[in-house]
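Step one of this worksheet: look at the structure below.
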Amino acid sequence: VNAVAGGQITALLSLLDQEPLKLISKAGQSITMADGRARAKGGIGWVMQRNLPADAVRFDVAGTLSDVRSESLVPGRVLAAKSLSASAKNGELVISGDGRIDTVPFSGKFSAPLGKGEGKSTVTGSIELSPKSVKAFNIGLPNGTVTGRGLGAVDISFAKGRQPTFALTSNLSGVGLRIPQIGWSKGAKSKGKLSVKGSFGSPMQIDSIVLAAAGLDARGNVRLDSGGTFKEASFDRVTVGRWLDVPVKFVSRGKGRVPTIEVNGGKIDLSRTSFSSGGGGGAGGGPITARLGELKISEGIVLTGFQGKFNTARGFEGSFNGLVNGKAPIKGRVVPQNGRSAFQISSNDGGRVLAAAGLLKNAAGGEMTLTLAPAK
């Protein structure tokens with residue numbers, strides 16, 4: 001059969017899904033997977049016989065899809081394109097071109113078997129990584145965390161009876177990243193590694209996220225609420241340079257608010273930090289709660305059993321307590337000063353603190369207040 005066809009995409013898909021072919025159903029898709037118009041031209045060939053197997057039908061058809069819109073190919077998202085090319089050849093349906101997912105530009109290819117295989121189909125391509133992406137996908141990052149524009153490679157797999165799974169990877173070229181709470185940033189010109197894996201559903205699941213860039217290495221997962229909005233992110237281990245090695249959890253405080261940071265375990269070396277001075281009010285930072293195995297203040301002075309509550313809205317500030325070198329209890333405050341951190345530490349047994357710090361071997365008693373100001 002040599003054919004020229006034009007009409008609604010749904011009508012064309014319905015024709016391909018008639019008995020005995022059932023091509024769309026066998027590919028794990030629905031005839032309503034996309035709206036728009038289609039024009040196609042080509043040939044279809046088969047042998048006249050009873051109980052014709054679907055993979056005995058030969059296709060060589062090419063066409064154009066226009067004004068395409070789908071709410072099922074990427075569940076929970078609107079996929080739209082002004083024009084896409086389509087072909088059915090060598091047992092495979094391929095649709096490719098440029099479009100957008102919600103408001104985010106993409107370029108990709110949808111592939112599905114025709115009449116054979118186990119009903120698996122795939123989407124491969126690239127998607128924009130930018131502040132627009134963060135907003136469109138309700139990732140929950142504060143304004144200014146992501147700047148610039150880069151590309152991520154996307155693979156989506158569809159299998160009949162299962163939620164579609166996805167994988168996103170990027171070298172982050174062109175993308176700027178910033179976490180002012182810990183004084184960390186990555187320039188748009190530098191590269192890194194981002195890997196995200198999960199599945200679409202209600203809500204979408206993010207089972208694995210790996211970020212390595214500019215001295216930061218983080219591995220964990222992200223939870224979204226039923227509306228697909230960021231709820232919390234848990235990282236078993238986050239390292240930054242030589243000063244931070246901790247498990248971290250980011251917990252949402254609601255739309256437009258910086259998440260709470262929870263640290264439970266690990267080590268921090270404050271003598272090597274460069275915390276941001278913040279500024280700009282409450283939108284610029286959020287609360288941090290920390291329970292650490294070890295917090296290094298300076299060479300020879302380490303706090304064990306450390307607990308603290310801090311805020312970064314106006315720079316790094318808050319209160320804490322712990323044991324000096326595991327022996328003498330102290331409490332203190334940290335405040336921003338000249339873009340860095342200043343400390344005031346106090347104890348009801350200053351002599352014991354001095355002995356524990358190795359400053360005096362034989363000392364006991366006395367009230368103590370120690371102020372540490374950052375040097376040049």
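Scanning region 215-231 for residues that are open to solvent by 30 Å² or more (accessible area, probe 1.4 Å) and either part of a strand (DSSP E or B) or over 19 Å from LEU177 (Cβ atoms) (or both) returns ASP217, ARG219, ASN221, ARG223, ASP225, SER226, GLY227, THR229, LYS231. Annotation note: of ARG333, ARG352, ARG291, the sole residue that is over 27 Å from ASN264 (Cα atoms), in contact with a strand residue (DSSP E or B) (Cβ under 6 Å, 6 or more places away or on another chain) and either in contact (Cβ under 8 Å) with a residue 12 or more places away in the chain or part of a strand (DSSP E or B) (or both) is ARG352.
Among the residues of region 270-296, write down those that are buried (at least 17 other Cβ atoms within 10 Å of the Cβ), over 15 Å from THR260 (Cα atoms) and at pLDDT 80 or above. The answer is LEU292, GLU294, LEU295, LYS296. Of all the criteria given as (1) open to solvent by 90 Å² or more (accessible area, probe 1.4 Å); (2) part of a strand (DSSP E or B); (3) not aliphatic (A, V, I, L, M), the one not satisfied by ASN362 is (2). Within region 149-194, being touching a Lys or Arg at 6+ places or on another chain (Cβ under 9 Å), of a type outside the set (A, V, I, L, M, F, W, C) and either open to solvent by 40 Å² or more (accessible area, probe 1.4 Å) or assigned to a strand (DSSP E or B) (or both) holds for ARG149, SER157, LYS160, THR165, THR169, SER170, ASN171, SER173, GLY176, ARG178, SER185, LYS186.
Being closer than 14 Å to GLN29 by Cβ and out of contact with any His (no Cβ under 8 Å at 6 or more places or on another chain): is that true of ILE101 here? Taking the combined requirement at face value, the residue does not satisfy it. List the residue pairs whose Cβ atoms are under 6 Å apart, where the first residue sits in region 73-88 and is farther than 27 Å from ILE44 by Cα, the second is open to solvent by 40 Å² or more (accessible area, probe 1.4 Å), and the two are 6 or more positions apart or on different chains. Going by the 6 Å Cβ cut-off, the qualifying pairs are VAL78/GLU71; ALA80/ARG69; ALA80/ARG100. Can you say whether GLY332 is open to solvent by less than 30 Å² (accessible area, probe 1.4 Å), at pLDDT 90 or above and not polar (S, T, N, Q), as far as the supplied structure shows? For GLY332, the condition - open to solvent by less than 30 Å² (accessible area, probe 1.4 Å), at pLDDT 90 or above and not polar (S, T, N, Q) - is met.
The values are calculated or read from the model by the stated rules, or taken from the named source; none is laboratory data. All figures in this text were calculated on a predicted structure; none of them were measured in a lab. Cβ coordinates were reconstructed from backbone atoms using ideal geometry, including for glycine residues, and neighbour counts include every protein chain displayed. Quick note on the areas: whole protein, heavy atoms, side chains included, nothing else; ligands and nucleic acids left out. Shrake-Rupley method; radii C 1.70, N 1.55, O 1.52, S 1.80 Å.
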